[in-house]
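Before any comments, here is the structure.
The values are calculated or read from the model by the stated rules, or taken from the named source; none is laboratory data. All values derive from a computational prediction rather than experimental measurement. Neighbour counts are summed over all protein chains in view; Cβ atoms, including those assigned to glycine, are modelled from backbone coordinates with ideal geometry.
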Amino acid sequence: MADKIVLCLWFDGDGEEAARFYVSLLPDSRIDAVHRSPIDTPSGPADSVLMIEFTLAGRAYLALNGGPDFTFDEAVSFMVMTEDQAETDRLWDALIADGGQESVCGWLKDRWGLSWQITPRRLMELTTDPNRARARAAMAAMMTMRKIDIAALDRAVADL
């Protein structure tokens, strides 16, 4: 790994499956290396997959099969800036499939419990608009949503 800081994600034995799924979602993503444990550890026997180095949208990550001791929570999330509704829908649907859970305001958890924010760039444009009335209207509309609906945001600010 060439990067000085790499985010390590802790999994309970299914880190390789998760990493392979994540890299299937975004361009400039790949599995870089799969490392097997040289010894028996509390998380698995010798030769079991211990670490998976992967690149997700150009950034280095490490998946660690560390065992059941730690789980994800909402304090850390992946925020994906989407370009349009089609990309928003595609990522949302893929991430909630097979046991993922919708939340509110563009947040969800994937089947491993990792939190994601699927955030259209248009949402960021509208909620940071210097016209405070437009920003308020966009934010109020977003607060009623699970998956972000770009057309509904645009309707909310249309007359402002």
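Quick notes
- Number of the condition not met by Met51 [criteria: (1) farther than 23 Å from Trp107 by Cβ; (2) in a loop (DSSP other than H, G, I, E, B)]: (2)
- Failed criterion for Leu108 (all others in (1) touching a helix residue (DSSP H, G or I) at 6+ places or on another chain (Cβ under 7 Å); (2) under 22 Å from Met1 (Cβ atoms) hold): (2)
- Residue check for Thr71: in contact (Cβ under 8 Å) with a residue 24 or more places away in the chain and closer than 19 Å to Met1 by Cβ: no
- Qualifying residue in the range 113-122 (condition: of a type outside the set (Asp, Glu), out of contact with any strand residue (DSSP E or B) (no Cβ under 6 Å at 6 or more places or on another chain) and under 30 Å from Asp69 (Cβ atoms)): yes
- Single residue of the range 45-69 satisfying the filter (exposed (fewer than 12 other Cβ atoms within 10 Å of the Cβ) and at pLDDT 95 or above) that is nearest to Glu125 (Cα to Cα): Gly58
- Applying the set (1) over 25 Å from the mean Cα position of the chain (by Cα); (2) crowded, with 17+ Cβ neighbours inside 10 Å; (3) in contact (Cβ under 8 Å) with a residue 24 or more places away in the chain to Ala137 leaves exactly one unmet item: (3).
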